[in-house]
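One structure below.
The values are calculated or read from the model by the stated rules, or taken from the named source; none is laboratory data. Everything numeric here is computed off the predicted structure, so don't read it as measured data. Ideal geometry is used to build each Cβ from the backbone, glycine not excepted, and the neighbour counts take in all protein chains shown. Note: accessible area is taken over every heavy atom of the protein model, side chains too, but ligands, DNA and RNA are not part of it. Shrake-Rupley method; radii C 1.70, N 1.55, O 1.52, S 1.80 Å.
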Amino acid sequence: MKYFNLLFVFFSLSLFACQKVSDQEPVTEVQLADLGNYKMKILPDNLLSSQDVKLVIYDDCGYNILSGVKITGYTIDIEKHFNSMMKLPCMLRNDTILIGKLPIGSYTVNYKLVDLSTLVKDKSTLAISFKLVVSQ
């Protein structure tokens, strides 16, 4: 009986250890024309390879800090973070994130706003993705 219990515990633990836990947050696919629903806009309206591309975020909280803009091939990752444990007041402001000049092509932009708090289970408060086409 003792060995049966030990064997049962071993198989139970190995069953839970082998389960894959997804660490990716769900990302919402958004059309470029619908960025206004998220209080965002891409500038300029007609994207040319000779112009700097910017992402403007309207009514953004002042404590949302840009973590970085990473361009890998045709993927652009933009991440901002904040810490809800700080309980800072939200001072609304517009934020302009410079993406830079992009070669001609179709890009996928992934924007993520992450809560750094250790008390929050869902770290990503906003995760959207949209296509960006740069022409000549």
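Name the residue that is modelled with the lowest pLDDT, counting only residues in segment 15-35 that are open to solvent by less than 100 Å² (accessible area, probe 1.4 Å) and either within 19 Å of Lys112 (Cβ to Cβ) or assigned to a loop (DSSP other than H, G, I, E, B) (or both).
Selected residue: Ser22.
Working only within segment 90-124, note down all residues that are open to solvent by 70 Å² or more (accessible area, probe 1.4 Å), out of contact with any strand residue (DSSP E or B) (no Cβ under 9 Å at 6 or more places or on another chain) and either of a type in the set (A, V, I, L, M, F, W, C) or in contact (Cβ under 8 Å) with a residue 24 or more places away in the chain (or both).
Within segment 90-124, Thr118, Leu119 meet the criteria.
Quick check on Ser67: is it under 16 Å from the mean Cα position of the chain (by Cα), farther than 16 Å from Ile42 by Cα and among the hydroxyl-bearing types (Ser, Thr, Tyr)?
Answer is yes for this residue.
Only one of (1) open to solvent by 80 Å² or more (accessible area, probe 1.4 Å); (2) modelled with pLDDT under 95; (3) over 14 Å from the mean Cα position of the chain (by Cα) fails for Ser12. Which number is that?
Just one mismatch for Ser12, condition (1).
Does segment 37-50 contain any residue that is open to solvent by 70 Å² or more (accessible area, probe 1.4 Å), on the phi > 0 side of the Ramachandran plot and among the basic types (Lys, Arg)?
Yes, there is a match, as at least one residue in segment 37-50 is open to solvent by 70 Å² or more (accessible area, probe 1.4 Å), on the phi > 0 side of the Ramachandran plot and among the basic types (Lys, Arg).
Since Lys87 meets every condition but one in (1) under 22 Å from Lys41 (Cβ atoms); (2) exposed (fewer than 14 other Cβ atoms within 10 Å of the Cβ), which condition does it not meet?
(1)
If you scan segment 67-84, which residues turn out to be under 21 Å from Thr125 (Cβ atoms) and surrounded by 12 or more Cβ atoms within 10 Å (Cβ to Cβ)?
Taking segment 67-84 and keeping what is under 21 Å from Thr125 (Cβ atoms), we get 67-70, 76-84.
Within segment 67-84, Ser67, Val69, Ile76, Asp77, Ile78, Glu79, Lys80, His81, Phe82, Asn83, Ser84 meet the criteria.
What number of residues within segment 46-89 are in contact (Cβ under 8 Å) with a residue 40 or more places away in the chain and farther than 22 Å from Ser117 by Cα?
So the count comes out to 13.
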